[in-house]
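Encoded as structure tokens, the structure appears first; notes follow it.
The values are calculated or read from the model by the stated rules, or taken from the named source; none is laboratory data. Worth saying up front: this structure is predicted, and the values here are computed from it rather than measured. Reconstructed Cβ throughout: ideal geometry from the backbone, glycine too, with neighbour counts over all protein chains shown.
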Amino acid sequence: MSSTFPATRLRRFRRTASLRELVREARVDVRDLVFPLFACAGQGVERSLEGLEGIAQRSVDRLCAEAEEVHALGVGAVLLFGIPEEKDEAASGAYDDDGIVQQALRALRERVPELVLLTDVCLCEYTSHGHCGVVDGDGEVVNDLSLELLARTAVSHAEAGADAVCPSDMMDGRVGAIRAALDGEDFEHVPIVSYAAKYASAFYGPFREAADSAPAFGDRRGYQLDPGNAREALRECELDLAEGADALMIKPALPSLDVLAAARVRFDVPLFAYNVSGEYAMVKAAAARGWLDERQAALESLTAIKRAGADVIVTYWAKEAARWL
């Protein structure tokens, strides 16, 4: 391609802030953001989390107050995680009718009826060993036995008022099992947002404390994606859609922008991306040391996720971004 300089000067539209704003290709809107919330037992509890500044485990009463504030800022959706009082090998707290997420859903539905309530469907917060499925005597996560518990969990969330369920366990076949269970209980209207491409990532570190879900032994590489694989991630997306997923989640967002962009080209469904705890914590830590400007770095990160193809971004910056935007 021959140069057209000096007739063509791309700097012309970069000259002022107003011109740059006029031709901006990717924009982050507060309505695109989802704020994660962590529910715990008790009354008046607000337990701050090291590595996740501004994020806390909250009892249902405090969680409702936080959700009201989030919604007042223009953020339209939250993603609920639960921290039960007791854990066991069967993850019974995940599908208990009076479990912590179920309590939070009913309270939030009453207090903030316009808020979209998404729930993380996984067993790791509820199992005594911290893995995302049932474990056998050899310490292996048993795929097919885990599907029934995941389906029960999704149905219990729908019964308690969830607008959509988001399976994040990465068991094979879990979307189909959840879709069948929801439909069988007259919840065919409840969409499934599948964590279709969830990598075994180093960027989840602070979340492990937030959700109290670190594995007691081993790791999750036997069921989460290898960070080196992009084609496999797209195959996961394709299979989940075939099983009945209504939307796809890519996680973590920033190390997976290529996968997000490829999924955008290939699939005509809503794409979610999770701007995970490690991404948030790194910027917070660097900003605290004066190494970068947090607002600029955060908004640049969110814009990059949007530019890569995300329709919806789950992010711990949702409240702050709402004020900035």
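Some notes on this structure:
- Cross-chain or 6+ apart pairs with Cβ under 8 Å, the range 11-25 first and surrounded by 10 or more Cβ atoms within 10 Å (Cβ to Cβ), then part of a loop (DSSP other than H, G, I, E, B): Phe13/Val23
- The number of residues in the range 249-270 that are surrounded by fewer than 24 Cβ atoms within 10 Å (Cβ to Cβ) and among the aliphatic types (A, V, I, L, M) comes to 6.
- Inter-residue pairs, beta-carbon under 9 Å, first among the basic types (Lys, Arg) and in the range 305-325, second assigned to a loop (DSSP other than H, G, I, E, B) and buried (at least 19 other Cβ atoms within 10 Å of the Cβ), 6+ apart: Lys306/Val28; Lys319/Val75
- Residues considered: Val101, Val135, Val121. Of these, the only one that is at pLDDT below 95 and under 26 Å from Glu148 (Cα atoms) is Val135.
- Looking only at residues in the range 70-92 that are more than 20 Å from the chain's Cα centre (by Cα) and either in a helix (DSSP H, G or I) or of a type in the set (Asp, Glu) (or both), the one that is nearest to Val135 (Cα to Cα) is Glu89.
- Residue count for the range 50-63, restricted to those that are surrounded by 14 or more Cβ atoms within 10 Å (Cβ to Cβ) and within 15 Å of Lys319 (Cβ to Cβ): 7
- Once the range 123-172 is narrowed to residues that are of a type in the set (Asp, Glu) and part of a loop (DSSP other than H, G, I, E, B), the residue that is nearest to Arg109 (Cα to Cα) is Asp163.
- Looking across the range 167-181, the residues that are under 21 Å from the mean Cα position of the chain (by Cα) and either buried (at least 18 other Cβ atoms within 10 Å of the Cβ) or charged (D, E, K, R) (or both) come down to Pro167, Ser168, Asp169, Met170, Met171, Asp172, Arg174, Val175, Gly176, Ala177, Ile178, Arg179.
- Note on the range 203-220: among residues that are at pLDDT 70 or above and in contact with a helix residue (DSSP H, G or I) (Cβ under 7 Å, 6 or more places away or on another chain), the one that is surrounded by the most Cβ atoms within 10 Å (Cβ to Cβ) is Phe207.
- When the test is whether a residue is part of a helix (DSSP H, G or I), under 22 Å from Arg152 (Cβ atoms), modelled with pLDDT of 95 or more and not hydrophobic (A, V, I, L, M, F, W, C), Asp186 does not pass it.
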